[in-house]
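Down below is the structure, laid out as structure tokens.
Just so you know, all these numbers are worked out from the coordinates, no wet-lab data involved. Please read all numbers here as calculations on a predicted model, not as lab measurements. Ideal geometry is used to build each Cβ from the backbone, glycine not excepted, and the neighbour counts take in all protein chains shown.
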Amino acid sequence: MENTEAAKNTTTSGFASPLFSFSNPGSASFGFGFDSGAPPPPPPPAVEVQLSEESPVASASLDPVVVDDSLTIYKGRVSTSDVFGVKDSDLVPGKYEGGLKLWEGSLDLVKALNSDIKEGRLLLESKRVLELGCGHGLPGIFAGLKGACLIHFQDFNAEVLKCLTIPNAKVNLFKEPPEGTRTSTSVGFFAGDWSEMDKLLLCGDAEQDRTTSGVTEDKTYNGYDIIMMAETVYALSSLPNLYRLIKKCLRYPGGVVYMAGKKHYFGVGGGTRPFLRLVEEDGAMLTERLNDVADGSSNVREVWKFSFK
């Protein structure tokens, strides 16, 4: 694993890719490491974190992530040792779920969203968006810059939201917007395990209606128009709770889920394909693969889109 170093400043020259450039090529992480041993503690309760709860640990310097010629997103950087007292660790089950790292799936997801917008397949303006397992929150921030009216950011750790997500949202969404973007966006931040999170988030009630009434025509429910998630499917044991939460919170009909991740996460058992099998076995959603990424930096990554049938 590469060590997390403090960002120098936003003007540092860096390396570029066809879509993204970074001020520090070590700022994106490409694997999972985790500690084995004692069983993890019970998950934390689901709580809302206020915008005013930004931590003093938050990074004072920023790295630019260049989406395209007209849009750059800025992100901070915080070390796990400063926040959790754990050095150079990507995952500590039940304590820390990797939210302080910038995983490459987050960049894959922003790329797919940007591509779908340019091709006329996606409209984010005035949409309600949920980003699950948000970490840095780059996909959700991108949605806000493209006109989403509501963005809810969820992460397992409240500390991640306070030290990283909230500062990133503030610097990108609460400033004079770049030409061609909108930032009249309402934001919310929620921490906790997916098994309890539906108590705080918008719910579409589509699953309940489809199973009890038998009639779904000409009905529209509340919920999120778009749910985004990157690198959330790494742990096999968490996939059922994740999928149940998606079905509870996605607007029916018309809601869309964008998922980016690796085909398989070695050592923790999950991956895009195990999650895809769960979705297909349930039979409630249509699936579409948008992109494969095999750039040699990690095992093969994918971007998928799901929607209710």
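Starting from the coordinates of the alpha-carbon atoms of the range 255-309, obtain the Kirkwood hydrodynamic radius over all distinct pairs and give the value in Å to one decimal.
Result for the range 255-309, one decimal place: 11.7 Å.
Once you place label points 7 Å from the Cα toward the Cβ at ASP282 and ASP69, how far apart are they in nm?
4.1 nm
How many nm separate the modelled label positions at SER61 and ASP82, each set 7 Å beyond the Cα in the direction of the Cβ?
1.1 nm
I'd like the FRET efficiency for ILE117 and ASN241, computed as 1/(1 + (r/R0)^6) with the beta carbon distance as r and R0 of 41 Å, rounded to 0.05. Each step should come with its number before you reach the end.
Details: r = 30 Å, r/R0 = 0.74.
Here the calculated transfer efficiency is 0.85.
Compute the label zone of ASN222 within the range 248-262: residues whose backbone N is under 19 Å from the point 7 Å along Cα-to-Cβ.
Residues passing the 19 Å test: 248-256.
Between SER307 and LYS199, what length in nm is gained on full extension when 0.36 nm per residue of separation is reduced by their alpha carbon distance?
That works out to 36.7 nm of additional length.
Give me the Kirkwood hydrodynamic radius of the range 37-84 in Å, from all C-alpha pairs, to one decimal place?
14.4 Å
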